[in-house]
Each structure stands twice: as structure tokens, then as C-alpha cells.
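One structure follows; several queries about it will come next.
The values are calculated or read from the model by the stated rules, or taken from the named source; none is laboratory data. None of these values were measured; they are calculated from a predicted model. Note that each Cβ is placed from the backbone with ideal geometry, even for glycine, and that neighbours are counted across all protein chains shown.
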Ligand SMILES: Cc1cc2nc3c(=O)[nH]c(=O)nc-3n(C[C@H](O)[C@H](O)[C@H](O)COP(=O)(O)OP(=O)(O)OC[C@H]3O[C@@H](n4cnc5c(N)ncnc54)[C@H](O)[C@@H]3O)c2cc1C
């Protein structure tokens, strides 16, 4: 087990051996024949779930089974925006729970997740946008979430690069602003949770695809994998875009659609943007990474699919939207583009739930905006699995809401705005 710390001293010491002697961050143990809890999916949410199961619930022998490499799914592919300014109490409180965990995560994991609270702006371009923004900000204040309505002049002062002139095609009338929001480093989050979970004895098994669920007498007994059969007392599925595939193995039909979602980055340049700016109206958002790249994202590709790539016209449309907001970026060259597969639910809210199969739980439906929830999602899902009942914060996110009609419609606050 890695006892290594990341300090100036270890940097110096390992530098003497040309950095060939660093201990691996987590231990690679072989797959065992059975576990008390099996988590399917080694993305940020799965790893966080395993970590909190081991840390807070002492849930026995735990394994995370990942068909590829840890953190290689949407966790590796997202644009890392973290915020909690959702409209409805249920959603805002869940995301705010995540936000509070983010604020202490680096210390908790003893791993720098590079959480940077640089603020997030959601621009308003029409009177209706501004009314929606005011309604959401008022709701956020009642929920205890930091939120402000800014006028056009205040936005122009805080983001001088943004075209706030009246002649622009989509004039900026104002914005909502959450100062505590920001970004974190996606790989660091996955690695931090993996390292911390491994230290608590969780087995992290890569290249291990779950191909079947063994269910007898209405209770889960184990999982079939590409590395053989594994007995399991409880099984938590956290497979994002592939959740429906796993649910089908249990005879469950999830109300989830899997869509490609793309992002792209520019060449590196001097730091000019020190915050995150999103616009639903022009359908694009942007921040600048520590390396100086503009990190740009958009809405989903409208077709369904499992290929981790999207279509060129979405990129074209997004680049045009960004140039509309920031004309001076029109000559910046774009470096890389990629796609992930996001699991979109009908009300743009997650499903964190028990199922009709005893011992089988699902955490999915985060769609375009689950990265921000990584610690909060893992925390409440671990509680749900360990106690066989939901945490108060995810009670409303049960799969039953699609039967009862108690939807939590966050399309207004989710949409393009991740
Ligand atoms: C381009 C893009 C931009 C985004 N931007 C943001 C953003 O700015 N802010 C935000 O909050 N969210 C954003 N998101 C959404 C966010 O990335 C996801 O909601 C979040 O990462 C989901 O985490 P996860 O751990 O559930 O999924 P993943 O990281 O996808 O992990 C699921 C894992 O399950 C594994 N798996 C699947 N099937 C099996 C199987 N049968 N057996 C074993 N393993 C399996 C997969 O290989 C994968 O590693 C974005 C997504 C994309 C694609």
C-alpha cells in the first residue's frame, strides 16, 4: 500500500533517481472470488462511492470493477465545471452537499484535486433569461447557496474580454454569479479517490467488464465479468452512459438516453480568463485551464449512441457561439476535440436509487453535469448501499419518481450549462 506523500522533499528525493522510483498511487490487487460490495464503473462517482463505503460505513470487502482504466470515461472527458446553483431545493441541496465536500476534498484525500473557486457566470441575453436568472438566484439564497444577479455593467467590469456592447447579436443583459463555484482537475479527482480508497483496502480492478448480473430469488448474488464470476452481497452500478446496458441485464428499463457530448481545447496562451462563463442562449461555455488552453463545451449531440465522439456541426456551432461572446478569440487555433457518452434523464436530474432487485442499486442519469457532484454523489450513494435506504439528500432521486410523477425539472438550470 502506498504510504508516499507528495511533498517538496519527495519531489527532490525522486528527482535524484530521474523520477523512476515513485511508488504507484494505488495498489494493483488481483480480483477475488467474492466481495461484500461490488461497484461497477471506475469513474469518479464509482471511486468516490467505494471510498466513502470504506471510510464512513466500514462496508467490508469492496471492489471497483472497471472495464477500461480508472477515470477513463466521462470523468476524463468533461470540462470540470463545479457549481451548485440549481433551481429546485432537492437538486440545489444535493449539489451544495457536493460543493461543501469539494471545499475540504484535497485535505480529506490528502491529494491535490486542484479545486479552484474562480466563480461561474450564467449569462442572460433576453428579458426572459433575466427573469429566470432572478428566480433561480432568489431560490438559491433561500437554499443557502451563494448566488448573485449582476447587471450588464457589473458583468462587463468582471469579464472585460466579454463583448457586452449593445451591437452584439446576443446582447448581454446581465448574469447570475456563483463566486464559490469553479473547476477542479478531473484526473486528480479520479486518482485522489482511487488512492484514498486503495489505502482503505478497496480492490481496484481495471480491464474487468461486467457482462452479466446473477440474480436469484429477486436478490443479486454476483456478477459475471470478463475476468470470471464474482460473488457479491451488494452491487452498485455507476456506469454513466452504459447504465441502461447494465440495467437491462437485471430486467430493468431505465428512463435514460445515452448521447454523445463533446468538448475541445485551444492552443495554450497567456492567462486572459480567470473565471467560468456559460451561455444557454448561444449554446457554449468556456474557462481557461492552468496550462492556458481555452476549455470549451456545448450541448449534447441530438442522436443516441455509444461512440465516444460527436459530429462536426456541433463543434462548428459552439465555436461560432464562443466567437459571438469573445470576438478576439476568432483567430485562436483549436488543438484537440473529444466526446463522452452522457446518460440523460427526462428531468435532467440523476437517479440514485434502490431497485426492485434486492441488493442492486443504481446511480446514473447525471447527464451533462455529474462531475460537479462526484464527492456528493459518492457520499450519498455509499450511504444508500450501506444502509439499504436512501440518504435524506437522495430520497427524491429515486427511480420511482418516473412512476409517481414527482419529477425535479432542472432543464432550465442544467441544459447546456454543465
Ligand atoms: C464533454 C463533456 C463535458 C462535461 N462537462 C461537465 C462539466 O463541466 N461539469 C460537470 O459537472 N459535468 C460535466 N460532464 C458530465 C460528467 O463528466 C459526468 O456526469 C460524470 O463524469 C459522470 O461520472 P461517472 O463516474 O458516473 O462516469 P464515468 O467517468 O463515465 O465512469 C463510468 C465508468 O463505468 C465504466 N463501465 C461502463 N460499463 C461497464 C461495465 N459493463 N463493466 C465495468 N465498467 C463499466 C466505464 O468504462 C466508465 O469508466 C461532462 C461530460 C462530457 C462528456
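In segment 53-69, which residue that is within 20 Å of residue 228 (Cβ to Cβ) and in contact with a strand residue (DSSP E or B) (Cβ under 8 Å, 6 or more places away or on another chain) is surrounded by the fewest Cβ atoms within 10 Å (Cβ to Cβ)?
61
Has segment 371-382 got at least one residue that is in contact (Cβ under 8 Å) with a residue 12 or more places away in the chain, within 11 Å of the ligand (Cβ to nearest atom), closer than 17 Å to residue 41 by Cβ and in a loop (DSSP other than H, G, I, E, B)?
Scanning segment 371-382, I find no residue that is in contact (Cβ under 8 Å) with a residue 12 or more places away in the chain, within 11 Å of the ligand (Cβ to nearest atom), closer than 17 Å to residue 41 by Cβ and in a loop (DSSP other than H, G, I, E, B), so the answer is no.
While we're here: Assess whether residue 360 counts as being in the same structural domain as residue 192 (by TED's automatic domain parsing) and either within 18 Å of residue 259 (Cα to Cα) or within 15 Å of the ligand (Cβ to nearest atom) (or both).
Against the criterion (in the same structural domain as residue 192 (by TED's automatic domain parsing) and either within 18 Å of residue 259 (Cα to Cα) or within 15 Å of the ligand (Cβ to nearest atom) (or both)), residue 360 qualifies.
If you don't mind, another one. Go through (1) assigned by TED's automatic domain parsing to the domain that holds residue 60; (2) surrounded by fewer than 22 Cβ atoms within 10 Å (Cβ to Cβ); (3) more than 10 Å from the ligand (Cβ to nearest atom) for residue 312 and report which single condition fails.
Tallying (1) assigned by TED's automatic domain parsing to the domain that holds residue 60; (2) surrounded by fewer than 22 Cβ atoms within 10 Å (Cβ to Cβ); (3) more than 10 Å from the ligand (Cβ to nearest atom), residue 312 fails exactly one: (1).
Just checking, does segment 276-285 include any residue being away from the ligand (no atom under 15 Å from the Cβ) and farther than 21 Å from residue 33 by Cβ?
yes
Residues in segment 115-125: is at least one surrounded by 17 or more Cβ atoms within 10 Å (Cβ to Cβ) and over 30 Å from residue 45 (Cβ atoms)?
Within segment 115-125, one or more residues are surrounded by 17 or more Cβ atoms within 10 Å (Cβ to Cβ) and over 30 Å from residue 45 (Cβ atoms).
All but one of (1) touching a residue at least 60 places away in the same chain (Cβ under 8 Å); (2) out of contact with any strand residue (DSSP E or B) (no Cβ under 8 Å at 6 or more places or on another chain) hold for residue 406; which doesn't?
Result: residue 406 fails condition (1) only.
Continuing with the same structure: Among the listed residues 60, 3, 34, 44, which satisfies the condition of being closer than 30 Å to residue 294 by Cα and either over 27 Å from the mean Cα position of the chain (by Cα) or at pLDDT 95 or above (or both)?
Of 60, 3, 34, 44, the one residue that is closer than 30 Å to residue 294 by Cα and either over 27 Å from the mean Cα position of the chain (by Cα) or at pLDDT 95 or above (or both) is 44.
Here is a further query. For segment 211-228, name all the residues that are touching a residue at least 24 places away in the same chain (Cβ under 8 Å) and more than 11 Å from the ligand (Cβ to nearest atom).
Hits for segment 211-228 are 215, 218, 219, 220, 222, 228.
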